[in-house]
Amino acid sequence: MDIELFNAGLRLAIPILIAALGELVVERSGIINISIEGMMLIGAFFSFWGVYATGVPWLGLLIGVIAAVLMALLFGVFTISLPCDQIIVGTAINLLALGLTGSLFRYFFGFKTTAQLPQISDFFFESLFWFLPLLLFIFINRTYPGLALKAAGEVPRAVETMGRSVRRIRFAAILFGGVCAGLAGAYLSVVHANTFVEGMTGGRGFIALAIVIFGRWHPFGLLAASLFFGCTLALQYKIQALDIKVPYQVVRMLPFALTLLVLALFGQKRGGAPKALGIPYEK
Amino acid sequence: MEIFYSLCLGALVKLSPLLFCSLAVTLAFRGGLWNIGAEGQLIVGAIAATVLATQPWSLSGWLWTPLVLTGAVCAGAFWGGIAGFLKVTRNVPEVITTILLNFIAIELLSYCVHGPLQESAQTYPMSDTIHMNLELPVLGQDEVIHIGIVLALLFSFATYLFMFHTANGFKVRAMGQNDRAVDVAGFSLKKIRFFLFMASGAFAGFGGAIELLGVSHRLFERFSPGYGFAAIAIALLGRLHPLWIIVSSLLFAFVYAGAGILERVAGIPSTTLYIAQAVVIFIVLIIGIKKNRVSYGH
């Protein structure tokens, strides 16, 4: 295996995996959050803006994560406290994030920015990439709160019988998903691209959603799936660099076509999805 | 007064693509299918229509126009059908597939207008104009109100009749409320879901062709400024009722036309439109909390 290719693939896989791990926890609790794309975008913009305004990279990162968590809070209020349909709320948040980041970006920076940011080393994100799946695996399978999380997504009534609040568990999971999406977005703008571009997440949040299915709701499955995806993406950049005559639109289309193909081949036929996924819990 | 007049005209023009997409969304949502892909279905419909409409044939418009519309309907139905097929055979959530298909359609459109469908002059990334015979007839002296708007209204009414006055329409609504009941009654959920997805895609594809023949007359990259996404907010605001969505489409058509004017006059960025759509969805959700407790899908 080409080590250079693997490194490029890893850099592409990092934001997808971090976002997907957040979604894994959310889905394990029985909620489907299709707005990680939007939350990533919010994280990307606000961390960029934070670093730009404060000049302190870690503070900017924190601002981005907080902004994404606020979006998750909004999602939680609508899907759990009210509760409304998760798909519709997710769609609305995606639109809100697209509009909010686009408008704020144009307001502060015009259409383009050449602002260069102080670099954050990707050591933090790389270690997150390798250790977060392990930590989540231990949390979900070997701890009591992890068991409660799993149960909330499988048999919510049993959790309630045990004296735990399904809503509280789900709300916590959603907020954790927000933190992850915010970090993933921040990685894109502050570490990877070192700038912000409108709509820069470019569907990565949706690919992360697909990876949760592809990785069968298992942290290590997600790790493998995201690496597979990252390397395939890197391969495409390499094809482009080799000057093979492929229209750039086809190259941009491929990750989505690949995701679709993977879903078609490894669809949910054999299960693995939490049984109460997407069903609001009502006492 | 002049601005108001041009606002009204602009809104009427926007009504047709918005209404067709909202019909697509309404149909799918009513059956408990989360078709987020009206945008992509509209785009492939428009691409297919452009392919057929820029051929060097010498056909009469009466023969050619139905051909173009049929092509667009098939393309839209095919695009929706992919999501439907994956849903019923592989149990892949349609939310994800339709969103992915949107991305693919947008890139496909970009490829087409830069490549095989680019104008013969090869200057700008847009297609040739469609053949003269294919331009939809216009009404009134301003020559912007085309017959497609009337068609959109007729289709809304037809969808209303289908949904509330036919057995198949009842099946669709029943599936959205309680799919087990439909299953137990002996109907094939897979079959209904698959056909519903095709029908939904067909509506959006048809809307794409009408927009091409009636307004833009040629294909370019930003052919759809998010009609398919706005349609979700419109359909929900219209309570998924084929007649009420005429009203909500009109409202959004005014917002679209107004946003265009505001951007020109006051420099307010068009991205605020997305915020407006999100806010509308949130307001509808808050107003309808009691109703939403019984969710459409499950």
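Reported count of residues in the stretch A:257-282, each being within 7 Å of chain B (Cβ to nearest Cβ), closer than 15 Å to residue A:213 by Cβ and at pLDDT 85 or above, is 4.
Collect the residues in the stretch A:235-249 that are modelled with pLDDT under 85 and in a helix (DSSP H, G or I), keeping them in residue-number order.
Matches in the stretch A:235-249: A:235, A:236, A:237, A:238, A:239, A:240, A:241, A:248.
Kindly evaluate residue A:184 against the criterion of being open to solvent by 10 Å² or more (accessible area, probe 1.4 Å) and among the small types (Gly, Ala, Ser). Here the answer is no, as residue A:184 does not meet what is asked.
So that you can scan it fast, the table gives a plain yes or no per residue for (1) more than 16 Å from the chain's Cα centre (by Cα); (2) under 19 Å from residue B:201 (Cβ atoms); (3) modelled with pLDDT of 90 or more:
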site	(1), (2), (3)
B:80	no, yes, yes
B:87	yes, yes, yes
B:93	yes, yes, no
B:110	yes, no, yes
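Residues in the stretch B:143-152 that are in contact (Cβ under 8 Å) with a residue 60 or more places away in the chain and either touching a Ser or Thr at 6+ places or on another chain (Cβ under 9 Å) or open to solvent by 80 Å² or more (accessible area, probe 1.4 Å) (or both): 5 in all.
Per-residue answers, yes or no, for (1) open to solvent by 40 Å² or more (accessible area, probe 1.4 Å); (2) more than 14 Å from chain A (Cβ to nearest Cβ):
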| site | (1), (2) |
| --- | --- |
| B:177 | yes, no |
| B:186 | yes, yes |
| B:197 | no, yes |
| B:205 | no, yes |
| B:208 | no, yes |
| B:212 | no, yes |
| B:216 | no, yes |
| B:235 | no, no |
| B:249 | no, yes |
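Here is a list: B:269, B:242. Which entry is within 17 Å of the chain's Cα centre (by Cα) and buried (at least 17 other Cβ atoms within 10 Å of the Cβ)? Being within 17 Å of the chain's Cα centre (by Cα) and buried (at least 17 other Cβ atoms within 10 Å of the Cβ) holds for just one of B:269, B:242, which is B:242. Within the stretch B:102-127, take every residue that is part of a loop (DSSP other than H, G, I, E, B) and among the small types (Gly, Ala, Ser) and give me the one that is surrounded by the most Cβ atoms within 10 Å (Cβ to Cβ). Result: B:115. When residue B:136 is tested against (1) in a helix (DSSP H, G or I); (2) surrounded by 16 or more Cβ atoms within 10 Å (Cβ to Cβ), only condition (1) is not met. Take residue A:96 and tell me if it is part of a helix (DSSP H, G or I), closer than 24 Å to residue B:274 by Cβ and out of contact with any helix residue (DSSP H, G or I) (no Cβ under 6 Å at 6 or more places or on another chain). So residue A:96 fails the test. Within the stretch B:66-101, restricting attention to residues that are hydroxyl-bearing (Ser, Thr, Tyr) and touching a helix residue (DSSP H, G or I) at 6+ places or on another chain (Cβ under 6 Å), which residue is surrounded by the fewest Cβ atoms within 10 Å (Cβ to Cβ)? Ranking the candidates gives B:97 first. Filtering B:34, B:64 for residues that are of a type outside the set (S, T, N, Q) and not in a helix (DSSP H, G or I) leaves a single hit, B:34. Of the residues making up the stretch A:78-103, those that are surrounded by fewer than 19 Cβ atoms within 10 Å (Cβ to Cβ) and either modelled with pLDDT of 95 or more or at the interface with chain B (Cβ under 9 Å from one of its Cβ atoms) (or both) number 1. Summed over the stretch A:141-165, residues that are open to solvent by 70 Å² or more (accessible area, probe 1.4 Å) and either part of a helix (DSSP H, G or I) or within 18 Å of residue A:273 (Cβ to Cβ) (or both) total 6. Being within 21 Å of the chain's Cα centre (by Cα), modelled with pLDDT of 85 or more, within 14 Å of another protein chain (Cβ to nearest Cβ) and at negative phi holds for only one residue in B:257, B:230, B:253, and it is B:230.
Residue by residue, here is whether (1) touching a residue at least 24 places away in the same chain (Cβ under 8 Å); (2) of a type in the set (Asp, Glu); (3) surrounded by fewer than 22 Cβ atoms within 10 Å (Cβ to Cβ); (4) in contact with a strand residue (DSSP E or B) (Cβ under 7 Å, 6 or more places away or on another chain) holds:
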| site | (1), (2), (3), (4) |
| --- | --- |
| A:198 | yes, yes, yes, no |
| A:223 | yes, no, no, no |
| A:228 | no, no, yes, no |
| A:250 | no, no, yes, no |
| A:258 | yes, no, yes, no |
| A:272 | yes, no, yes, no |
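Among the conditions (1) open to solvent by 30 Å² or more (accessible area, probe 1.4 Å); (2) in contact with a helix residue (DSSP H, G or I) (Cβ under 9 Å, 6 or more places away or on another chain); (3) free of Cβ contacts under 8 Å to residues at least 24 places away in the same chain, the only one that residue A:236 does not satisfy is (1). Can residue A:129 be described as at pLDDT 95 or above, surrounded by 21 or more Cβ atoms within 10 Å (Cβ to Cβ), away from every other protein chain (no Cβ under 14 Å) and in a helix (DSSP H, G or I)? No.
What are the residues in the stretch B:49-61 that are more than 15 Å from the chain's Cα centre (by Cα) and either assigned to a helix (DSSP H, G or I) or of a type outside the set (A, V, I, L, M) (or both), if any?
Residues satisfying the conditions are B:50, B:51, B:52, B:53, B:54, B:55, B:56, B:57, B:58, B:60, B:61.
Conditions tested, residue by residue: (1) among the aromatic types (Phe, Trp, Tyr); (2) in contact (Cβ under 8 Å) with a residue 12 or more places away in the chain; (3) farther than 30 Å from residue B:267 by Cβ.
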residue	(1), (2), (3)
A:42	no, yes, no
A:52	yes, yes, no
A:59	no, no, yes
A:71	no, yes, no
A:82	no, no, yes
A:86	no, yes, yes
A:94	no, yes, no
A:103	no, no, no
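Tell me, please, whether a residue that is within 14 Å of chain A (Cβ to nearest Cβ), buried (at least 23 other Cβ atoms within 10 Å of the Cβ), out of contact with any Leu (no Cβ under 8 Å at 6 or more places or on another chain) and under 17 Å from residue B:204 (Cα atoms) can be found in the stretch B:37-54.
The initial filter retains those residues of the stretch B:37-54 that are within 14 Å of chain A (Cβ to nearest Cβ), namely B:37-40, B:43-44, B:47.
Of the ones still in play, those that are also buried (at least 23 other Cβ atoms within 10 Å of the Cβ) are B:37-40, B:43-44, B:47.
In the following step, the residues that additionally are out of contact with any Leu (no Cβ under 8 Å at 6 or more places or on another chain) were identified as B:38-39.
Add one more test, that the residue is under 17 Å from residue B:204 (Cα atoms), and what stays is B:38-39.
Yes - at least one qualifying residue is present in the stretch B:37-54.
The set of residues in the stretch B:261-287 that are without any contact (Cβ under 8 Å) to a residue 12 or more places away in the chain and among the hydroxyl-bearing types (Ser, Thr, Tyr) contains only B:271.
The residues on offer are A:8, A:19, A:68, A:53, and the sole one that is of a type in the set (Gly, Ala, Ser), open to solvent by 30 Å² or more (accessible area, probe 1.4 Å) and closer than 27 Å to residue A:213 by Cβ is A:8.
Within the option set B:130, B:82, B:96, being more than 19 Å from residue A:247 (Cβ to Cβ) and in contact (Cβ under 8 Å) with a residue 24 or more places away in the chain holds for one residue only, B:130.
The values are calculated or read from the model by the stated rules, or taken from the named source; none is laboratory data. Predicted, not measured: the structure shown is a model, and the values here were computed from it. Here Cβ is always computed from backbone atoms with ideal geometry, including for glycine, and neighbour counts include all displayed protein chains. Accessible surface is based on the protein model in full, side chains and every heavy atom, while ligands, DNA and RNA are left aside. Shrake-Rupley method; radii C 1.70, N 1.55, O 1.52, S 1.80 Å.
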